[in-house]
1. Counting only protein heavy atoms, what percent of the accessible surface of the chain is carbon or sulfur at a 1.4 Å probe?
2. Within the stretch 1-112, how many lysine pairs that are 8 or more places apart, or on different chains, have C-alpha atoms less than 18 Å apart?
3. Can you give the longest run of the chain that contains no trypsin sites (Lys or Arg not before Pro) sitting in a DSSP loop with at most 13 other Cβ atoms inside 10 Å?
4. Taking a ≥ b ≥ c as the square roots of the eigenvalues of the Cα gyration tensor of the stretch 65-115, is the shape rounded (a/c under 1.5), prolate (a/b larger than b/c) or oblate?
5. How large, in Å, is the chain by the Kirkwood hydrodynamic radius built from its alpha-carbon pairs?
6. Can you list the GluC sites (Glu not before Pro) in the stretch 1-109 that are in a DSSP coil and have 12 or fewer other beta carbons within 10 angstrom?
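The values are calculated or read from the model by the stated rules, or taken from the named source; none is laboratory data. Here the structure is a predicted model, which is why all the values come from computation and not from measurement. As a convention, Cβ positions derive from the backbone with ideal geometry for all residues, glycine included, and neighbour counts pool all protein chains shown. With ligands, DNA and RNA removed, areas are computed over all heavy atoms of the protein, side chains included. Shrake-Rupley method; radii C 1.70, N 1.55, O 1.52, S 1.80 Å.
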Amino acid sequence: QVQLVESGGGLVSPGGSLRLSCAASGFSFSLYVMSWYRQTPGKERELVASISKGGLNTQYPDSVKGRFTISRDNAKSAVYLQMNNLKPEDTAVYYCKATWRDDYWGQGTQVTVSS
């Protein structure tokens, strides 16, 4: 059974940091490109970071570049998103996604940036 379980979300003040984790099971994790997306009500899901199978290549949109860092540990079947200097506009539900022959999604974790 394929599972992607996100954790680490919560409430943080502007300028603060959070580290999201996504634990994967039920598929060959190292064969999949891993990504983090986020979504707010009424908007489409937005890509915020992706990382190649081996972890050498990463991509970010301009909105988070320099503040967010994606990493993975293939031995632990886990992917992480370090988020620094958080802004209120980063408030969203964050999802991890595995992409290869199929796409798998986690259930999401809420991140709220507010004073």
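1. So the carbon and sulfur contribution to the accessible surface is 46 percent.
2. Numbers: Lys43/Lys87; Lys43/Lys97; Lys53/Lys76; Lys53/Lys97; Lys65/Lys87; Lys76/Lys97.
Lysine pairs satisfying the spacing and distance rule in the stretch 1-112 number 6.
3. Values: sites that count: Lys43, Lys65, Lys76, Arg101.
Segment 1-42 is the longest.
4. Cα axes put the stretch 65-115 in the prolate bin.
5. Roughly 14.0 Å, rounded to one decimal.
6. Here the GluC sites (Glu not before Pro) that fit, given the DSSP loop and packing criteria, are Glu44.
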